[in-house]
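Participant: Dropping a structure here in structure tokens format, bear with me for questions.
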Amino acid sequence: MLSRLLPADEAAVTHAAALLRAGKLVAFPTETVYGLGADACQGEAVAAIYAAKGRPSFNPLIVHVADEAALDSLVDRTEDARLLGAAFWPGPLTLVLPRRPSADVSLLVSAGMDTLAVRIPAHPVALDLLRRVGRPIAAPSANESGRLSPTQAAHVAESLGDKVDLILDGGSCAVGVESTIVSLVGADPVILRPGGITHAQLESVLKRPVLYTNLAQELGASLPSPGLLTSHYAPHIPVRLNASAPLPTEAWLGFGADQGIVGGAARRNLSPRGDLTEAAATLFALMRLLDRQDFSAIAIAPIPETGLGVAINDRLRRAASLNSPAVFISRPKG
Ligand code: TXA
Ligand code: MG
């Protein structure tokens, strides 16, 4: 498939909205960089984002909406969130907020976590598209994993041209660097990623200190991910990988046809038809469902180490090692 690249006129944006509602991928301009969008409520569409980017792990994604009213059903809007939203939205600011339990957004968007990163972009095409879709849109930068973020439609075409259904051309991005990400889930506001809104701008609105974090640097390079310790969802019971069958006390999480496998205290399947996109879409929801103290562990069938399977296995290995008594992590001194 070679994707269509269309100037972002009214007809193209209307078409793009229909594609997104149908679960397709659309690259669109924002004021920071081009985003690779999918309907945040459709797990398989979100999984397709990771597949297109070739990301070896499930980094959580930013959810884009057209206005603050659209956030009410998704996140708890804290006082700080209201102040920052009033000052900088639409604009290059992303807020990490507590996710509402009822939020109709795939758990894959936030890699299983209880938070959601949200933003209202300041680009007429992005806003027009979001209004026409009428649903929250998950969108990372529209580049292959490990490549530079695209600031022109042609960059997207070069990097992901055969993997998206449509690229909306809205010219060059005015800001050119990604949004500033601020976490508002802890006691103090923390900048997780510097970007279009400065530290000084944030402090002038909140009238209190805003912290920086770089947990990766603080802890040294030995950790697989900076988010591993604090931000990623971790099951409470052990996880046993590459299992061929469950023990009687274990919950079974299968993949593909597993009729021959019997036993276990509970049984679910990531994708009975052995489809990795479907497995990615159901992974976090099924892990949560089986993460109950009445099971001794979650036994998980082998997942092929290809395509999205690489990211699924990355996540599962982290879940398994976090619950292994042999693994502990201490902070370096000083
Ligand atoms: O300017 C931007 O923010 C662009 C445009 C397209 O909006 N998007 C963007 O997305 O840069 P991406 O996926 O390349 O970067 C999103 C960052 C990731 O580093 C991810 O770790 C962080 O946002 N993130 C997303 N959800 C999070 C959450 N719930 N908690 C902490 N960090 C989160
Ligand atoms: Mg990016």
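Participant: Look through segment 174-193, keep the residues that are within 30 Å of residue 10 (Cα to Cα), under 22 Å from the mean Cα position of the chain (by Cα) and in a loop (DSSP other than H, G, I, E, B), and return whichever of them is farthest from ligand 2 (Cβ to nearest atom).
Facilitator: Applying the filter and picking the extreme gives 176.
Participant: Going through 115, 94 one at a time, which residue ends up being surrounded by fewer than 21 Cβ atoms within 10 Å (Cβ to Cβ) and touching a strand residue (DSSP E or B) at 6+ places or on another chain (Cβ under 7 Å)?
Facilitator: 115
Participant: In segment 159-171, is there at least one residue being farther than 22 Å from residue 110 by Cβ, among the small types (Gly, Ala, Ser), within 16 Å of ligand 2 (Cβ to nearest atom) and not in a strand (DSSP E or B)?
Facilitator: yes
Participant: Being under 15 Å from residue 46 (Cβ atoms) and not in a loop (DSSP other than H, G, I, E, B) is the filter here; which residues of segment 266-285 pass it?
Facilitator: 276, 277, 278, 279, 280, 281, 282, 283, 284, 285
Participant: How many residues are at pLDDT below 95, within 11 Å of ligand 1 (Cβ to nearest atom) and of a type in the set (S, T, N, Q) when one looks only at segment 92-114?
Facilitator: 1
Matching residues to (1) within 12 Å of ligand 1 (Cβ to nearest atom); (2) acidic (Asp, Glu); (3) over 11 Å from the mean Cα position of the chain (by Cα):
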site	(1), (2), (3)
35	yes, no, yes
39	no, yes, yes
51	no, no, yes
56	no, no, yes
62	yes, no, no
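Participant: Another one. Search segment 72-109 for residues being among the small types (Gly, Ala, Ser) and without any contact (Cβ under 8 Å) to a residue 60 or more places away in the chain, and hand back the single one that is nearest to residue 182 (Cα to Cα).
Facilitator: 85
Participant: Could you please give the count of residues in segment 130-153 that are away from ligand 2 (no atom under 15 Å from the Cβ) and more than 20 Å from the chain's Cα centre (by Cα)?
Facilitator: Residues that pass the stated criteria total 4.
Participant: Could I ask something else about it? State whether the residues of segment 27-48 include one that is assigned by TED's automatic domain parsing to the domain that holds residue 107, within 16 Å of ligand 2 (Cβ to nearest atom) and under 23 Å from residue 316 (Cα atoms).
Facilitator: The answer is yes; a qualifying residue exists.
Participant: Quick check on residue 156: is it farther than 20 Å from residue 83 by Cβ, in contact (Cβ under 8 Å) with a residue 60 or more places away in the chain and either within 16 Å of ligand 2 (Cβ to nearest atom) or not acidic (Asp, Glu) (or both)? Can you show your working first?
Facilitator: Working: farther than 20 Å from residue 83 by Cβ: yes; in contact (Cβ under 8 Å) with a residue 60 or more places away in the chain: yes; either within 16 Å of ligand 2 (Cβ to nearest atom) or not acidic (Asp, Glu) (or both): yes.
Criteria met by residue 156.
Participant: Still on this model: Among the residues of segment 20-29, is there at least one that is under 18 Å from residue 104 (Cβ atoms), touching a helix residue (DSSP H, G or I) at 6+ places or on another chain (Cβ under 8 Å) and assigned to a helix (DSSP H, G or I)?
Facilitator: Taking segment 20-29 first, the residues under 18 Å from residue 104 (Cβ atoms) are 20-23.
Among the residues that remain, those that are also touching a helix residue (DSSP H, G or I) at 6+ places or on another chain (Cβ under 8 Å) are: 20-21, 23.
After this cut, where a residue has to be assigned to a helix (DSSP H, G or I) as well, the list is 20-21.
Yes: segment 20-29 contains one or more residues that are under 18 Å from residue 104 (Cβ atoms), touching a helix residue (DSSP H, G or I) at 6+ places or on another chain (Cβ under 8 Å) and assigned to a helix (DSSP H, G or I).
Participant: In segment 75-122, which residue that is of a type in the set (Ser, Thr, Tyr) and assigned to a strand (DSSP E or B) is nearest to ligand 2 (Cβ to nearest atom)?
Facilitator: Step one: list which residues in segment 75-122 are of a type in the set (Ser, Thr, Tyr), which gives 78, 94, 102, 106, 110, 115.
Right, trim to assigned to a strand (DSSP E or B) and you get 94, 115.
On the way: 94: 12, 115: 18 Å.
Applying the filter and picking the extreme gives 94.
Participant: If I filter segment 159-184 down to residues being touching a helix residue (DSSP H, G or I) at 6+ places or on another chain (Cβ under 7 Å) and either free of Cβ contacts under 8 Å to residues at least 40 places away in the same chain or among the β-branched types (Val, Ile, Thr) (or both), which single residue comes out as farthest from residue 36 (Cα to Cα)? Steps first, answer last, please.
Facilitator: Taking segment 159-184 first, the residues touching a helix residue (DSSP H, G or I) at 6+ places or on another chain (Cβ under 7 Å) are 160, 163-170, 182, 184.
Imposing the further condition that a residue be either free of Cβ contacts under 8 Å to residues at least 40 places away in the same chain or among the β-branched types (Val, Ile, Thr) (or both) reduces the set to 164, 167, 182.
Values: 164: 8, 167: 9, 182: 21 Å.
Going through the qualifying residues, I end up with 182.
Participant: Under the condition of being within 12 Å of ligand 1 (Cβ to nearest atom) and not in a loop (DSSP other than H, G, I, E, B), which residue from segment 130-151 is farthest from residue 48 (Cα to Cα)?
Facilitator: Applying the filter and picking the extreme gives 130.
Here's the yes/no breakdown for (1) modelled with pLDDT of 95 or more; (2) in a loop (DSSP other than H, G, I, E, B); (3) in contact with an Asp or Glu (Cβ under 7 Å, 6 or more places away or on another chain):
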{"site": "223", "(1), (2), (3)": "no, yes, no"}
{"site": "226", "(1), (2), (3)": "no, yes, no"}
{"site": "252", "(1), (2), (3)": "yes, no, no"}
{"site": "299", "(1), (2), (3)": "yes, no, yes"}
{"site": "304", "(1), (2), (3)": "yes, yes, no"}
{"site": "319", "(1), (2), (3)": "no, no, no"}
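Per-residue answers, yes or no, for (1) within 14 Å of residue 119 (Cβ to Cβ); (2) in a helix (DSSP H, G or I); (3) in contact with a strand residue (DSSP E or B) (Cβ under 7 Å, 6 or more places away or on another chain); (4) of a type in the set (Phe, Trp, Tyr):
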site	(1), (2), (3), (4)
47	no, yes, no, no
51	no, yes, no, no
55	no, no, no, no
63	yes, no, yes, no
66	yes, no, no, no
70	yes, yes, no, no
73	no, no, no, no
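The values are calculated or read from the model by the stated rules, or taken from the named source; none is laboratory data. From a predicted model like this one, the values you see are computed outputs, not experimental measurements. Cβ sites come from the backbone with ideal geometry, for glycine too, and all protein chains shown count toward neighbours.
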